[in-house]
Amino acid sequence: MRDAIMAVLEAVPDPEIPVISVVELGIVREVTEEAVVVTPTYSGCPATLAIARDIRKALDEAGFFDVAIRTELAPAWTTDWMTAAGREKLLAYGIAPPGVAVCPQCGSGQVEEISRFGSTPCKALWRCLACREPFDRFKCI
Amino acid sequence: MMDEKQALALGDDALILGHRLSEWCGHAPSLEIDLALANIGLDLLGQAQFFLALVGDADALAYRRDEDGFCNCLLVEQPNGDFARTVARQFLFSAWQELMFAEMAGSADARMAAIAGKARKEVIYHASFAADWMVRLGDGTDESHRRMAEGLDFCWRFTDELFAGSWAGLRAGWDARVDAVLREAGLARPKLGRGVTGGREGRHSEHLGHILAEMQYLQRSFPDAVW
């Protein structure tokens, strides 16, 4: 049953970056037959409510009406929990994943930060010095 | 035992400063700064929700409490002023929050420790953003230096309050952090006469009432309105 719940979660996309699932984002902390434990990326992330709603909907549609959703803050989410598959999908989508900074457009490592804060709480604004394109990059926290 | 007064103070700090930063939305000197200030405000709003929820109904506490029930420090309710003053306020406050959360992450109260552990990671970014701008403006043109020094001077009088009560031990670490940035920015450390305090006890400057009038208007006029 745990695997079945996990499969449901793997099909729930992040509402802001729909190419990756909530599992690939690394915010699903624990799955049991009673509850799904999630953790927010940032304290004020506006997607938090949407994520809880989307997970509830997916669980209900799969018949898991009694599986609760719990939020836990500790240990705090870190970009280290993002899966390898999630990172590849981000890069293909045009967002540089955490880790070594490369341009998602041309692959160059000659990049620099424009601003520590970007279009969402989890991203910073970078630019590529090779192809001159700006891009979003996941903040490493 | 959770220290309810402390949770309320930290929730109010974050709520009021988050509101102040939201006032910059669409008005910041550049798009990147606009995004940064909005993002910092959003982090703070999230922190406020966590802390206030430990004390009671977070929405009711934010929207239906009178001014003298708020125990945020005076620093966070001060008007934005120009960008330099906002930077000074942010740096002085975030540097304090960073140290305070690092300590609180080891708190015996698991719920406070959890919020602190999470918030600390966000605040490290806030402090570094503000420190960058302290240096850029302080070590910039004559005009940017003058404004940065003025902003710092204005905010400085409210910093004593950050170290009231159980937070007195954070002072040495904060002094070291602040002095290092001031040195790099070429800014003199302002001389503190008598520090202005009172916010933690609910005695506020005239500015908080104006913030609440705007922030609480809708919920006071139409209780429990949703959209």
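Throughout, read-outs are computed from the coordinates displayed, never taken from laboratory work. In this text, all values refer to a predicted model and were calculated from it rather than measured experimentally. Cβ sites come from the backbone with ideal geometry, for glycine too, and all protein chains shown count toward neighbours.
Descriptive notes on the structure:
- All conditions in (1) among the aliphatic types (A, V, I, L, M); (2) in contact with a helix residue (DSSP H, G or I) (Cβ under 6 Å, 6 or more places away or on another chain); (3) within 14 Å of another protein chain (Cβ to nearest Cβ) hold for A:VAL67, with the sole exception of (3).
- Residues located in the range B:194-227, provided they are among the polar types (S, T, N, Q) and in a loop (DSSP other than H, G, I, E, B): B:THR197, B:SER205
- Leading residue by the ranking (nearest to A:GLY44 (Cα to Cα)) among those in the range B:70-123 that are without any contact (Cβ under 8 Å) to a residue 24 or more places away in the chain and not in a helix (DSSP H, G or I): B:ALA105
- Subset tally (residues that are crowded, with 21+ Cβ neighbours inside 10 Å and more than 10 Å from chain A (Cβ to nearest Cβ)) for the range B:124-136: 5
- B:SER94 under 26 Å from B:ARG157 (Cβ atoms), within 11 Å of another protein chain (Cβ to nearest Cβ) and among the polar types (S, T, N, Q): no
- Members of the range B:47-61 that are without any contact (Cβ under 8 Å) to a residue 40 or more places away in the chain and facing chain A (nearest Cβ under 8 Å): B:GLN49
- Check on B:ARG65, of a type in the set (Lys, Arg), away from chain A (no Cβ under 11 Å) and within 13 Å of the chain's Cα centre (by Cα): no
- Scanning the range B:17-46 for residues that are surrounded by fewer than 22 Cβ atoms within 10 Å (Cβ to Cβ) and among the acidic types (Asp, Glu), we see that the one that is nearest to the other protein chains (Cβ to nearest Cβ) is B:GLU32.
- A:ALA85 vs. criteria away from chain B (no Cβ under 14 Å) and either in contact with a His (Cβ under 9 Å, 6 or more places away or on another chain) or not aromatic (Phe, Trp, Tyr) (or both): yes
- Selection from the range B:61-100 of residues that are crowded, with 24+ Cβ neighbours inside 10 Å and aromatic (Phe, Trp, Tyr): B:PHE70, B:PHE91, B:PHE93, B:TRP96
- Any hit, the range B:171-193, residues being surrounded by 15 or more Cβ atoms within 10 Å (Cβ to Cβ), assigned to a loop (DSSP other than H, G, I, E, B) and in contact with a Ser or Thr (Cβ under 8 Å, 6 or more places away or on another chain): no
- Scope the range A:84-111; condition closer than 13 Å to A:LEU25 by Cβ, surrounded by 15 or more Cβ atoms within 10 Å (Cβ to Cβ) and not basic (Lys, Arg); matching residues: A:GLY86, A:LEU90, A:ILE95, A:PRO97, A:PRO98
- When the criteria are applied in full, A:LYS89 fails the requirement of being of a type in the set (Lys, Arg) and either over 12 Å from the mean Cα position of the chain (by Cα) or closer than 22 Å to B:ALA110 by Cβ (or both).
- Residues (in a loop (DSSP other than H, G, I, E, B), charged (D, E, K, R) and buried (at least 16 other Cβ atoms within 10 Å of the Cβ)) located in the range A:27-80: none
- Test result for A:ARG132, among the charged types (D, E, K, R), within 14 Å of another protein chain (Cβ to nearest Cβ) and without any contact (Cβ under 8 Å) to a residue 24 or more places away in the chain: no
- Filter pass, B:ALA110 being farther than 15 Å from B:ASP13 by Cα and within 14 Å of chain A (Cβ to nearest Cβ): yes
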